[in-house]
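For reference, the structure discussed in these notes is given below.
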Amino acid sequence: MIREARVAVVVFPGSNDDRDAAWALRALGADARLVWHAEHELPPDTGAVVLPGGFSYGDYLRCGAIARSAAIMRAVGEFAAAGGLVLGICNGFQILCEAGLLPGVLRRNRDLEFVCRDVAIRVERADTLLTRRCEPGQVLTLPVKHGEGSWYANAELYAELEHEGQLVLRYAEDCNGSVGDVAGVRDRAGNVLGLMPHPEHAVDPLLGSGDGALLLAALVDAASEGVLAGAQP
Amino acid sequence: MRATVFVRPKAGILDPEGEAVRGSLRALGFGVGGARVGRLVDLEVEAPNAEEARAQVEQMCRQLLANPLIESFEIEIEGQAA
């Protein structure tokens, strides 16, 4: 069933890419709604949730650690458990890892510097809800801007994720010391995804790259199809 | 009940902050072979006794104060041996 693609973009204190995410999603045809962290429910008929980039709660303790206990995160967790599509970008990725919804953790960049530039990102899996408009092995140009984006998993977990096809995106160049150069992962079921690069800053070639639109348009597709467990198109 | 939590990067986990501190100390002329940087949290816990306080703080560590993938933790309860 094709319906309006309603995407909830959660706003935490310290989020700063929420409006960019909403702008990009609207440019791609979605009905993007900003949702305050203190809300207890997602808007009716939400088809996908985006946790945006920023510095929620001042990055206190560990990036994303405080945000996981925000009121809205219970609703986001229930939405994800029901098969709803949840995407975390940058700080949103950190939050999903800290919440246990995605595997691994984001750590301080290896060289301790804040990396802020366009990087080459290779699509390892083109069969996910985020990458299905891409070709396998396609290299995207996307901006990163983070100080704590070095993804870590121990050898055992890494091998398991690789075997299960959960390593979705990799840096095609040295970026931050991530294990396996991993830039984006998905959960086992495939409806929760996270990445450090910012597709929402790359939906218009005027801004350097339009490659982010490939990813976000796939998310909008999924939101309009109502990709929920038991509600598969 | 006062409690103190020490959170440390697990052994074998690269600690770039510790590496930077080590390099800086060596540049100052100190003979430092290694440095690891962690975090200390002082807590005032609402609990009737030390055992209960420790049990609560352990839960706090598992749920929020430490990330078990990369960090270990140690708890000290005031007036109780570690």
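The values are calculated or read from the model by the stated rules, or taken from the named source; none is laboratory data. It should be emphasised that the depicted structure is a prediction, and the values quoted were computed from it without experimental measurement. Cβ: placed from backbone, ideal geometry, glycine included. Neighbour counts: every protein chain shown. For accessibility, only protein heavy atoms count, side chains too; no ligands or nucleic acids. Shrake-Rupley method; radii C 1.70, N 1.55, O 1.52, S 1.80 Å.
See the values below:
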item: Residue list for region A:54-69, filter: more than 8 Å from chain B (Cβ to nearest Cβ) and either in contact with a Gly (Cβ under 6 Å, 6 or more places away or on another chain) or on the phi > 0 side of the Ramachandran plot (or both); result: A:54, A:55, A:56, A:57, A:58, A:59, A:64
item: From B:41, B:37, residue being in contact with a helix residue (DSSP H, G or I) (Cβ under 7 Å, 6 or more places away or on another chain), within 14 Å of another protein chain (Cβ to nearest Cβ), open to solvent by less than 90 Å² (accessible area, probe 1.4 Å) and assigned to a loop (DSSP other than H, G, I, E, B); result: B:37
item: Tally of residues being part of a loop (DSSP other than H, G, I, E, B) and in contact with a helix residue (DSSP H, G or I) (Cβ under 9 Å, 6 or more places away or on another chain) across region B:44-65; result: 3
item: Complete set of residues in region A:103-142 that are within 14 Å of chain B (Cβ to nearest Cβ), more than 14 Å from the chain's Cα centre (by Cα) and of a type in the set (A, V, I, L, M, F, W, C); result: A:112, A:114, A:115
item: Residues being within 14 Å of chain B (Cβ to nearest Cβ), closer than 22 Å to residue A:86 by Cα and either assigned to a loop (DSSP other than H, G, I, E, B) or open to solvent by 50 Å² or more (accessible area, probe 1.4 Å) (or both) - total across region A:143-159; result: 3
item: Filter result for the condition that a residue is more than 13 Å from chain A (Cβ to nearest Cβ), within 24 Å of residue B:65 (Cβ to Cβ) and either open to solvent by less than 80 Å² (accessible area, probe 1.4 Å) or not in a strand (DSSP E or B) (or both), over B:6, B:30; result: B:6
item: Top-ranked residue of region A:1-28 - restricted to ones that are open to solvent by 60 Å² or more (accessible area, probe 1.4 Å) and modelled with pLDDT under 95, ranked as nearest to the chain's Cα centre (by Cα); result: A:4
